[in-house]
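Here the structure is laid out as structure tokens; the discussion comes afterwards.
The numbers here are math on the coordinates, done by the rules we state, and not lab data. Please read all numbers here as calculations on a predicted model, not as lab measurements. FYI the Cβ positions are ideal-geometry reconstructions off the backbone, even for glycines, and counts take in every protein chain you see.
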Ligand code: GDP
Ligand code: MN
């Protein structure tokens with residue numbers, strides 16, 4: 001789950017990372033009221049989950065109520081690369097001497113945490129990485145060891161931050177790493193991390209991605225949930241308790257097991273189709289789960305055919321087939337369905353499906369043939 005900047009800053013605060021005082025506003029009047037409380041000058045900041053808000057005109061300094069009114073009016077409703085601004089964050093403006101960059105994330109290939117610090121902050125870090133990769137200091141961190149102050153200091157020195165920023169930056173890095181680990185984030189990023197003319201270091205922006213797998217131990221995340229920006233298909237899938245990821249193709253996919261669901265997406269691509277989604281219905285394939293899965297896929301207007309790919313293990317083939325048949329009795333499906341059923345008692349399952357076969361429902365014995373048929377039925381070109 002991605003957080004908005006203001007939520008990320010709330011999260012940072014819990015770990016003692018200094019941020020500017022501020023408040024949210026959903027209307028121009030609220031923006032002015034918040035600015036009065038916070039004290040001028042303020043920054044009016046668009047809350048959308050996309051970077052480069054500054055360049056897009058979504059971040060403006062204001063010295064008076066009139067200026068807040070003007071900027072808030074302009075920014076609310078603004079479209080920033082497909083994200084419409086519904087909420088503002090108004091914070092007390094900081095004086096900036098230097099803008100740095102700091103982040104922690106997972107390096108999946110190295111199986112380690114990765115810390116990155118740069119003296120070239122404020123701008124697009126991808127651009128820095130491309131044009132001046134040496135300007136980003138990197139440190140791999142063993143999750144079982146963690147990050148101590150000495151290691152954080154090493155990172156700050158390697159990044160060549162100004163000497164007067166060193167102590168503040170080290171302190172923030174140690175806290176940011178705690179936020180990353182104890183806060184169960186996949187990414188914590190501060191860009192810019194600033195040095196003020198009077199020598200303080202603090203976070204001027206916040207990007208936090210929480211690891212949804214850890215939600216069970218964070219009841220406090222519920223407050224973020226309500227505001228989460230979800231694709232409507234993903235929202236429905238979550239409501240139904242399904243492991244669903246929306247993609248932008250035209251072949252709907254249902255499979256049991258994350259590995260099989262991923263392979264199914266790959267095979268559809270391989271034969272020239274485009275998967276509309278990833279959907280793992282897990283171990284069982286009851287009528288209930290299957291009906292929920294079909295219902296979610298059915299709401300996706302881009303879907304022109306559905307490919308159900310089930311490998312029976314503990315769940316036997318005839319149970320799967322009965323589940324599919326029962327589900328079809330519950331949900332009216334717009335698209336033709338191709339089923340590949342294999343594994344335990346596949347023959348029994350296929351026999352059941354054969355009784356229901358039509359030009360809207362067919363069963364094929366192999367994954368590649370089924371993927372091809374589904375792609376053809378969806379009007380795609382196969383190879
Ligand atoms: P982003 O463009 O979406 O990354 O939004 P940021 O929150 O990082 O803001 C973009 C830029 O606006 C920063 O790099 C700063 O240069 C500027 N900015 C943001 N807040 C302040 C502030 O309090 N004071 C000043 N002077 N500039 C700010
Ligand atoms: Mn930023």
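Some values worked out for this structure:
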item	result
Relative counts (whole %) of C-alpha pair distances in region 152-284, using bins that are 5 Å wide	2, 8, 13, 14, 12, 11, 10, 9, 8, 7, 3, 1, 0
Zone residues, region 242-258, relative to residue 209, backbone N less than 18 Å from point 7 Å out along Cα-to-Cβ	244-248
Span from the region 154-192 Cα centroid across to the region 60-105 one, whole angstrom	23 Å
Whole-angstrom Cα spans of region 1-43 along principal axes, big to small	30, 22, 13
Modelled FRET efficiency - R0 35 Å, residue 55 with residue 27, Cβ distances, 0.05 increments	0.90
Packing-based ranking, highest mean first, of 171-179, 326-334 given that Cβ atoms within 10 Å are counted	171-179, 326-334
Per-residue Cβ neighbour rank within 10 angstrom, fewest leading, 140, 202, 71	140, 202, 71
Angle in degrees between helix 28-38 and the longest Cα principal axis of the chain, rounded to the nearest 10	50 degrees
Proportion of all alpha-carbon pairs of region 15-165 beyond 28 Å (%)	36 percent
Rounded tilt (10° steps) of 166-182 against the dominant C-alpha axis of the chain	20 degrees
Alpha-carbon centroids, region 353-383 and region 255-300: separation in whole Å	14 Å
Alpha-carbon Debye profile of region 89-133, log10 I(q)/I(0) at 0.23, 0.24, 0.30, 0.32 Å⁻¹	-0.91, -0.94, -1.07, -1.10
Rg/Rh for the chain, where both radii come from Cα atoms and Rh is the Kirkwood radius	1.08
Ranking of 325, 48 by count of other Cβ atoms within 10 Å, fewest first	325, 48
Alpha-carbon Rg/Rh ratio, for region 232-377, with Rh computed the Kirkwood way	0.92
P(r) tail fraction, region 98-222 - alpha-carbon pairs more than 22 Å apart, %	32 percent
Degrees between helix 287-298 axis and first principal axis of the chain (Cα, 0 to 90, nearest 10)	60 degrees
Percent of C-alpha pairs per 10 Å bin, region 21-92, short to long	25, 58, 17, 0
Along each principal axis, Cα extent of region 268-315, largest first, Å	32, 25, 13
Least to most buried among 167, 342 (fewest other Cβ within 10 Å first)	167, 342
Where only C-alpha atoms are counted, convex hull volume of region 284-353 per residue in Å³	69 Å³
Antiparallel DSSP beta bridges within the chain, percent to nearest 5	70 percent
